[in-house]
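First the structure, in the form of structure tokens, and then the observations on it.
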């Protein structure tokens, strides 16, 4: 009976005061026992049994509490829970609340919109709806699980910030980074200062990244490289969209690099590379390496199902000691199990160096070439075919006909046939720059070279 009178007296005194004093933000909703004690620091209210205290942002529940009304502060003990108006749920063993800021300790759990944070201690601002932890955290969400040394949570924005040896496990990746941000409602991770991603078969390092888990998209930038069992790559930035099964690599200061050793063994260097399950496209100073051939062009398209590579934009192909140039070049891999083919259209040139200045050269409107065991076997030039040979150091032979057929043995020219009305002459002496067919471009010094780092699997 005395307890009920005490509770009634307190409630009546609050009502008589009209409203809470400045800074006073806490109301008592319920308590099985209420006792007021006078101390040297002022009166303190002792609350016991099924305690509920409320501020403007939410409600605190506990087994017992010591409450300093004047200072807008309370200490709570036993089965502590907090329910915020925006859906934030907190629990801990102890809680120290002062003027809108709660300090939770002992098996702290924060839950909000499917995210669960577990940490030994947490500072939570109920007005700003922001939590800060410094003693390590374990976070679970629909996107995966994450651990870190410290972090912040912004409930209004549904935004986590993690620091210190961040380790995240998603459906596709294991991510490690010094810092990371997460927007669970957007299914998005941001890694601002470098990190590493691991998959079942490979790894990737990068300067920064954004990763979406639903739908699955990824952006890696500020330098990225990696590999798996059959693929290596390096670029300034890399973009992936799983729904489109599409990977894009971009280079700025240097070309991006992509090497695929799965079947046809193709390596690409270019400023832009776009890879899908069916094709690969490249633009901007494209270099390719495949089946013993090296190429340079402005654009390339590789149709995987047909094993067809198309080169455009002043393309050149180096096959052993031979240089092939055309307006368009097409390379068919495995036209037969042991044979590849190379076709050219539009002012085709074929040349092989005699010395640093002179070239044996052939030209025509179209070209068909066959390659076996990575060596030239036969080349046919049709349409205003021309040939320029050097019988000795002082003379050059110039021949014209409808068609030229070249046979090779072990990669070396063995036989030349001039078909349908060949005519020509022998000229000399030669100029210091040598003699060339119209439009011929040697460009021997521009032959691309593989980079060891990107070719390490082969």
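Kindly indicate whether residue 388 is crowded, with 20+ Cβ neighbours inside 10 Å, within 36 Å of the chain's Cα centre (by Cα) and part of a strand (DSSP E or B).
When the stated conditions are applied, residue 388 does not pass them.
Would you call residue 201 at pLDDT below 95 and assigned to a loop (DSSP other than H, G, I, E, B)? Please lay out each step first, then the result.
Working: at pLDDT below 95: yes; assigned to a loop (DSSP other than H, G, I, E, B): yes.
Taking the combined requirement at face value, the residue satisfies it.
Going by the conditions given, is residue 368 assigned to a strand (DSSP E or B), assigned by TED's automatic domain parsing to the domain that holds residue 423 and closer than 20 Å to residue 424 by Cα? Steps first, please.
Values: assigned to a strand (DSSP E or B): yes; assigned by TED's automatic domain parsing to the domain that holds residue 423: yes; closer than 20 Å to residue 424 by Cα: no.
Judged against the criteria, residue 368 is not a match.
Inside the range 172-200, can you point out the residues that are over 18 Å from residue 115 (Cα atoms), crowded, with 18+ Cβ neighbours inside 10 Å and in contact (Cβ under 8 Å) with a residue 40 or more places away in the chain?
none
Scanning for something part of a loop (DSSP other than H, G, I, E, B), surrounded by fewer than 19 Cβ atoms within 10 Å (Cβ to Cβ) and either in contact (Cβ under 8 Å) with a residue 24 or more places away in the chain or more than 11 Å from the chain's Cα centre (by Cα) (or both), does the range 205-212 turn up at least one residue?
Checking the range 205-212: not a single residue is part of a loop (DSSP other than H, G, I, E, B), surrounded by fewer than 19 Cβ atoms within 10 Å (Cβ to Cβ) and either in contact (Cβ under 8 Å) with a residue 24 or more places away in the chain or more than 11 Å from the chain's Cα centre (by Cα) (or both).
Out of all the residues in the range 408-423, which are assigned to a strand (DSSP E or B) and within 51 Å of the chain's Cα centre (by Cα)?
Result: 408, 409, 412, 413, 414.
Looking at the range 229-238 only, could you name the residues that are touching a strand residue (DSSP E or B) at 6+ places or on another chain (Cβ under 8 Å) and surrounded by fewer than 18 Cβ atoms within 10 Å (Cβ to Cβ)? I'd like the intermediate steps shown before the answer.
Initial filter on the range 229-238 (touching a strand residue (DSSP E or B) at 6+ places or on another chain (Cβ under 8 Å)): 230-238.
Hits for the range 229-238 are 230, 231.
Within the range 130-171, which residues are out of contact with any helix residue (DSSP H, G or I) (no Cβ under 8 Å at 6 or more places or on another chain), outside any strand (DSSP E or B) and surrounded by 20 or more Cβ atoms within 10 Å (Cβ to Cβ)?
155
The values are calculated or read from the model by the stated rules, or taken from the named source; none is laboratory data. Everything numeric here is computed off the predicted structure, so don't read it as measured data. Methodologically, a virtual Cβ is constructed for each residue, glycine included, from the backbone with ideal geometry; neighbour enumeration extends over all protein chains shown.
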